[in-house]
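Worksheet for the structure shown next.
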Amino acid sequence: MRELKPIDFESKNVFKALLTSITITIIAIMIAAFIGVPMVDKFPSYVISYTLVFLIIFIFRRNELITYLKKVPQDFKKNKYQIIIYTFIFLALEFFLNLFISKLTGTNVQNNVNVMDAAKKTNIFLFIYFIAIITPLYEGLVFTYPYQKIKNKKLAYIFISVVFALLHLTASNSLIELLYFIPYLSLGLALNYSFYKTNNVFMSIIVHAINDLLVYVILLII
């Protein structure tokens, strides 16, 4: 019997990497749509879909991913000051840009509205699992991991961040909301800076998880 080869998941070409991300995203959406047919609340279907996609990728790439996971303490220690400083700068910039645009236009980006609506309707533990665990894992493996082998890390870093910003605007209801591309780009630069410095996808996953959890806690408090 032929041995099952690992998926050729990473690419040396940014556009092939993007094609990989788009293909997996379409598959995830189709899975969520199929699961969500009998459901009134569609949110759990996305939780299940993201979890399934993550598990499939992990099963095929587990040896390499476990190696990267084990390297996290070493990679962070080597680059900790730059990661902390630049991540904080980009996150602070994203916060103030969001605040400025929302005051200027009197709007809030629709993606944030959808997330908060889901938070009000969903079990708190399921919601925390979604935003702080499975979403960072899913987005890290689908939108960052395919760029692991690209030699020009600066190009990959910028490309990932732009794609991240564009994808988070897909739920926009008006042209004015396209202004939120700027803070979303800053957020993408923040979440992926650690990947740029270390070439370790789990660094960006951890930053993403911490950020999403903190944002959720802050929103609950205010």
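For the chain, the membrane-span-like helices by this rule, meaning whole DSSP H stretches whose C-alpha atoms cover at least 18 Å of axis and whose Kyte-Doolittle mean is 0.0 or above, are 14-36, 43-70, 72-105, 153-167, 181-198, 201-221; this says nothing about an actual membrane. Which entries in LYS16/LYS71; LYS42/LYS103; LYS16/LYS78; LYS80/LYS154 show an alpha-carbon gap greater than 21 Å? Those over the limit are LYS16/LYS71; LYS42/LYS103; LYS16/LYS78. Full extension of the chain between ILE210 and LYS103 gives 35.9 nm of extra length, using 0.36 nm per residue less the Cα-Cα distance. On full extension, the segment bounded by LYS80 and THR67 gains 2.7 nm, given 0.36 nm per residue less the C-alpha separation.
Taking other Cβ atoms within 10 Å as a rough exposure proxy, ILE26, ILE35 sort from fewest to most as ILE26, ILE35.
Here the sum of -39500 (n - 2.57) over DSSP H runs of 4 or more residues, divided by the residues of the chain, equals -24500 deg cm²/dmol at 222 nm, to the nearest 500. Annotation: the residues THR25, THR105, sorted from fewest to most other C-beta atoms within 10 Å of their own C-beta, follow the order THR105, THR25.
Which of HIS168, HIS208 has the fewest other C-beta atoms within 10 Å, and how do the rest follow up to the most? Don't jump to the answer; show the numbers that get you there.
Values: HIS168 21, HIS208 25.
Neighbour counts put them in this order, fewest first: HIS168, HIS208.
The mean sequence separation of alpha-carbon pairs under 8 Å and at least six residues apart, normalised by the residue count of segment 14-221, gives a relative contact order of 30 percent. In the list (i) 1.02; (ii) 1.43; (iii) 0.95, the label attached to Cα Rg over 2.2 N^0.38 Å as derived from the coordinates here is (i).
Every number in this text was worked out from the coordinates using simple rules, so none of it is lab data. Nothing here was measured: the structure is a model prediction, and the numbers come from that model. Cβ: placed from backbone, ideal geometry, glycine included. Neighbour counts: every protein chain shown.
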